[in-house]
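Visitor: Encoded as structure tokens, here's the structure I'll be asking about.
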Amino acid sequence: MITMNKVSKHYGSFQVLADCTTQVHKGEVIVVCGPSGSGKSTLIKCVNGLEPFQSGEIVVNGVSVGDPKTNLSKLRSTVGMVFQNFELFPHMSISDNLAIAQTKVLGRSHDQAREKGFKLLDRVGLRGQADKYPGQLSGGQQQRVAIARALAMDPICMLFDEPTSALDPEMVNEVLDVMTELAQEGMTMMCVTHEMGFAKRVASRVIFMDQGRIVEDDSKEAFFEHARSERAQQFLAKILHH
Amino acid sequence: MGYNWNWGVFAEMTATGDDTYLGWMFYGFKMTVALSLSSWLIALALGAVVGVLRTVPNRWLSGFATAYVEVFRNIPLLVQLFLWYFVMPELLPESLGNAFKQTNPIMQQFLASMVCLALFTSARVAEQVRSGINSLPPGQKNAGLAMGFTLPQTYRYVMLPMAVRLIVPPLTSEFLNIFKNSAVCSTIGLLELAAQGRQLVDYTAQPYESFIAVTLAYLLINVVVMFGMRWVEERVRVPGYLGGK
């Protein structure tokens with residue numbers, strides 16, 4: 001579903017991504033982890049073309065992201081994305097947040113879009129908040145709305161960019177629960193996260209990045225039990241204490 | 001100080017006999033309001049476009065917008081007014097220049113003043129629009145794009161609605177400025193409020209009454225604008241955000 005081949009990116013002389021190669025198959029849940037500044041977020045933003053890259057190739061569902069002829073908007077409408085800071089549209093009610101792209105991008109009718117939005121809000125447990133505004137919800141609620149908003153576009157896969165990093169600890173689980181459910185239903189997912197519990201529960205594979213390189217790309221069992229690189233071992237030793 | 005106060009002067013017929021002095025003042029008041037409002041509408045529209053262009057990734061477009069802002073912001077308003085009124089008609093193609101010169105002189109003054117105030121103010125509005133857009137969280141644009149919106153759609157549905165709300169307070173002061181700046185147009189002979197005030201002094205030798213009246217009229221306009229803009233500000237307030245409930 002997603003193939004990356006030798007993707008490289010640099011700002012001036014600073015190498016952000018170096019020869020990143022991996023694949024994500026349909027139904028797989030890939031967790032991307034690594035120390036901060038290792039290029040995880042940049043990597044998944046390259047998947048839907050939010051970040052340009054200088055060399056290599058990314059193909060999503062048969063469409064090359066780096067090709068200047070690609071209609072990026074169309075591609076992005078099929079790839080859901082959830083951000084660290086939620087990024088709901090603050091001037092719209094929750095139900096409008098879910099409906100706007102359905103109507104303006106997919107051409108669904110207003111009623112259809114609202115209906116679909118309500119169903120998804122129900123699913124993330126927030127049907128009662130449909131008429132509120134993002135600023136009136138807690139962080140965890142906002143992030144669940146953001147997931148519902150992405151799902152409303154019927155994406156073929158979902159990208160998560162540190163979806164729980166900006167949340168209060170007590171709200172992390174409500175978001176992870178939604179993500180876990182999604183993973184178990186067979187959604188193809190690529191998640192940048194430090195939640196190793198989530199990775200252990202649902203990941204098909206774990207990618208570990210350091211200094212712009214993919215250092216490990218292995219099944220979660222192999223990664224957690226005997227990470228090959230020293231860097232990954234150090235990283236695990238530090239974060240698995242908690 | 002030996003000054004003869006005479007508030008009755010406003011009710012007197014003017015020396016030319018066509019109106020009372022109050023009527024003259026009212027004429028100037030209407031001129032100021034008509035000039036400022038028409039210029040403001042043009043300035044808002046142009047400023048919004050130029051401000052947006054300053055933030056787009058295309059270098060040519062943003063370069064053009066930057067040049068536009070710098071030109072109209074950095075030349076004194078009075079000089080711009082003279083350029084529009086005295087120089088521009090000579091630079092136009094001859095037929096157009098002549099057509100301009102043959103219109104009603106009041107119309108000539110009004111048009112030159114309107115274009116001048118509109119463009120001068122549009123550069124300032126553009127800067128407000130740009131700063132509004134730039135003060136949005138950077139993730140908003142990505143969020144819009146990631147939903148499948150094109151860049152223009154992202155501006156239209158995601159960035160501009162919030163940016164406009166953020167800049168209502170600074171826009172209020174630009175709106176107030178345009179009324180005050182319109183007084184400059186008396187220098188090319190446009191009989192707006194300030195010019196009528198001076199004319200009254202010339203005809204009646206009652207400067208205090210005249211300028212107190214002019215001052216109060218400007219004050220009245222600006223109080224109305226302030227309340228109007230405050231109403232707008234409250235209406236567009238976003239719940240749970242920026243002082244909204």
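The values are calculated or read from the model by the stated rules, or taken from the named source; none is laboratory data. None of these values were measured; they are calculated from a predicted model. Glycine also receives a Cβ, built like all others from the backbone with ideal geometry; neighbour counts cover every protein chain displayed. The accessibility values were calculated without ligands, DNA or RNA, using every heavy atom of the protein model including side chains. Shrake-Rupley method; radii C 1.70, N 1.55, O 1.52, S 1.80 Å.
Visitor: Please go through region A:179-209 and give me each residue that is surrounded by fewer than 19 Cβ atoms within 10 Å (Cβ to Cβ) and either touching a His at 6+ places or on another chain (Cβ under 6 Å) or not in a loop (DSSP other than H, G, I, E, B) (or both), ordered by number.
Guide: Result: A:Thr180, A:Glu181, A:Gln184, A:Gly197, A:Lys200, A:Arg201.
Visitor: Let me ask you something else. Which members of region A:18-28 meet the condition of being among the small types (Gly, Ala, Ser) and open to solvent by 30 Å² or more (accessible area, probe 1.4 Å)?
Guide: A:Gly27
Visitor: May I ask you to list pairs of residues, at least six apart or on different chains, whose Cβ atoms are under 8 Å apart, with the first in region A:194-218 being more than 14 Å from A:Lys40 (Cα to Cα) and the second being basic (Lys, Arg)?
Guide: A:Ala199/A:Lys220; A:Lys200/A:Lys220; A:Ala203/A:Lys220; A:Ser204/A:Lys220; A:Arg205/A:Lys220; A:Asp218/A:Arg205; A:Asp218/A:Arg228
Visitor: Also, quick follow-up: Can you name the residue in region A:62-84 that is open to solvent by 30 Å² or more (accessible area, probe 1.4 Å) and among the hydrophobic types (A, V, I, L, M, F, W, C) and, of all such residues, is farthest from the other protein chains (Cβ to nearest Cβ)?
Guide: A:Val63
Visitor: Could I ask something else about it? Could you list, ordered by first residue, the pairs with Cβ atoms under 6 Å in which the first is in region B:33-48 and in contact (Cβ under 8 Å) with a residue 24 or more places away in the chain and the second is polar (S, T, N, Q), at least 6 apart or interchain?
Guide: Matching pairs, first to second residue: B:Leu35/B:Ser113; B:Leu35/B:Ser182; B:Ser36/B:Ser182; B:Ala43/B:Thr121; B:Ala43/B:Ser122; B:Leu46/B:Ser122; B:Gly47/B:Ser122.
Visitor: Need at least 3 residues that are under 18 Å from the mean Cα position of the chain (by Cα) and of a type outside the set (A, V, I, L, M) per element, so show me which helices (runs of 4 or more DSSP H) inside region A:72-178 make the cut, counting only ones lying wholly within it. Can you show your working first?
Guide: Details: elements: A:72-77, A:94-104, A:110-123, A:139-151.
Filter on region A:72-178 gives A:72-77, A:139-151.
Visitor: Looking only at region B:62-82, count every residue that is surrounded by 15 or more Cβ atoms within 10 Å (Cβ to Cβ) and over 27 Å from B:Lys180 (Cα atoms) and tell me the total.
Guide: Of the residues in region B:62-82, 1 are surrounded by 15 or more Cβ atoms within 10 Å (Cβ to Cβ) and over 27 Å from B:Lys180 (Cα atoms).
Visitor: So, of the residues in region A:117-133 that are within 14 Å of chain B (Cβ to nearest Cβ) and over 17 Å from A:Glu174 (Cα atoms), which turns out to be most open to solvent (accessible area, probe 1.4 Å)?
Guide: A:Asp131
Visitor: Regarding A:Ile207, is this residue under 14 Å from the mean Cα position of the chain (by Cα) and farther than 14 Å from A:Val82 by Cβ? Talk me through it step by step, then tell me what you get.
Guide: Details: under 14 Å from the mean Cα position of the chain (by Cα): yes; farther than 14 Å from A:Val82 by Cβ: yes.
So A:Ile207 fits the description; yes.
Visitor: Would you confirm whether any residue within region B:83-102 is open to solvent by less than 30 Å² (accessible area, probe 1.4 Å) and either in contact with a Cys (Cβ under 8 Å, 6 or more places away or on another chain) or under 24 Å from B:Val184 (Cα atoms) (or both)?
Guide: Checking region B:83-102: at least one residue is open to solvent by less than 30 Å² (accessible area, probe 1.4 Å) and either in contact with a Cys (Cβ under 8 Å, 6 or more places away or on another chain) or under 24 Å from B:Val184 (Cα atoms) (or both).
Visitor: Let me ask another. Need a quick list: helices (runs of 4 or more DSSP H) entirely within region B:27-108 having at least 1 residues that are closer than 16 Å to B:Glu127 by Cβ. Walk me through it before giving the result.
Guide: Details: elements: B:59-74, B:77-82, B:88-91, B:94-102.
Those helices (runs of 4 or more DSSP H) span B:59-74, B:77-82.
Visitor: Restricting the search to region A:5-17, which residues are open to solvent by less than 90 Å² (accessible area, probe 1.4 Å) and under 24 Å from A:Met189 (Cβ atoms)?
Guide: Applying the first criterion (open to solvent by less than 90 Å² (accessible area, probe 1.4 Å)) to region A:5-17 yields A:5, A:7-10, A:12, A:15-17.
A:Asn5, A:Val7, A:Lys9, A:Val16, A:Leu17 - these are the residues of region A:5-17 that are open to solvent by less than 90 Å² (accessible area, probe 1.4 Å) and under 24 Å from A:Met189 (Cβ atoms).
Visitor: Among the helices (runs of 4 or more DSSP H) lying completely within region B:117-190, list those that include at least 3 residues that are open to solvent by 10 Å² or more (accessible area, probe 1.4 Å) and touching a residue at least 12 places away in the same chain (Cβ under 8 Å). Spell out how you get there, then give the answer.
Guide: Values: elements: B:139-146, B:160-166, B:168-181.
Those helices (runs of 4 or more DSSP H) span B:160-166, B:168-181.
Visitor: Could you grab the pairs with beta carbons closer than 7 Å, sequence gap of 6+ or different chains, first residue in region A:85-97 and within 8 Å of chain B (Cβ to nearest Cβ), second one part of a loop (DSSP other than H, G, I, E, B)?
Guide: Taking only residues 6 or more apart or on different chains, the pairs are A:Asn85/A:Ala166; A:Asn85/B:Pro137; A:Pro90/A:Tyr133; A:Pro90/B:Val238; A:Pro90/B:Tyr241; A:His91/B:Val238.
Visitor: Let me ask something additional. Are any of the residues in region B:91-106 within 14 Å of chain A (Cβ to nearest Cβ), more than 24 Å from the chain's Cα centre (by Cα) and among the basic types (Lys, Arg)? Talk me through it step by step, then tell me what you get.
Guide: As a first pass, look at region B:91-106 and keep what is within 14 Å of chain A (Cβ to nearest Cβ): none.
Looking for residues that are within 14 Å of chain A (Cβ to nearest Cβ), more than 24 Å from the chain's Cα centre (by Cα) and among the basic types (Lys, Arg), one finds none in region B:91-106, hence no.
Visitor: Here's something else I'd like to know. Kindly indicate whether any position in region A:46-54 is within 14 Å of chain B (Cβ to nearest Cβ), within 30 Å of B:Leu160 (Cα to Cα), open to solvent by 10 Å² or more (accessible area, probe 1.4 Å) and more than 15 Å from the chain's Cα centre (by Cα).
Guide: First pass over region A:46-54, keeping only residues within 14 Å of chain B (Cβ to nearest Cβ): A:46-52.
Within this subset, residues satisfying the condition of being within 30 Å of B:Leu160 (Cα to Cα) are A:46-52.
Right, trim to open to solvent by 10 Å² or more (accessible area, probe 1.4 Å) and you get A:49-52.
With the extra rule that they be more than 15 Å from the chain's Cα centre (by Cα), the set shrinks to A:52.
For region A:46-54, residues within 14 Å of chain B (Cβ to nearest Cβ), within 30 Å of B:Leu160 (Cα to Cα), open to solvent by 10 Å² or more (accessible area, probe 1.4 Å) and more than 15 Å from the chain's Cα centre (by Cα): present.
Visitor: Please work out if A:Lys40 is away from every other protein chain (no Cβ under 14 Å), closer than 22 Å to A:Ser219 by Cα, within 13 Å of the chain's Cα centre (by Cα) and among the basic types (Lys, Arg). Walk me through how you get there before you give the answer.
Guide: Details: away from every other protein chain (no Cβ under 14 Å): yes; closer than 22 Å to A:Ser219 by Cα: yes; within 13 Å of the chain's Cα centre (by Cα): yes; among the basic types (Lys, Arg): yes.
Against the criterion (away from every other protein chain (no Cβ under 14 Å), closer than 22 Å to A:Ser219 by Cα, within 13 Å of the chain's Cα centre (by Cα) and among the basic types (Lys, Arg)), A:Lys40 qualifies.
Visitor: Confirm whether A:Val31 is more than 11 Å from every other protein chain (Cβ to nearest Cβ) and crowded, with 22+ Cβ neighbours inside 10 Å.
Guide: Numbers: more than 11 Å from every other protein chain (Cβ to nearest Cβ): yes; crowded, with 22+ Cβ neighbours inside 10 Å: yes.
Yes, satisfied.
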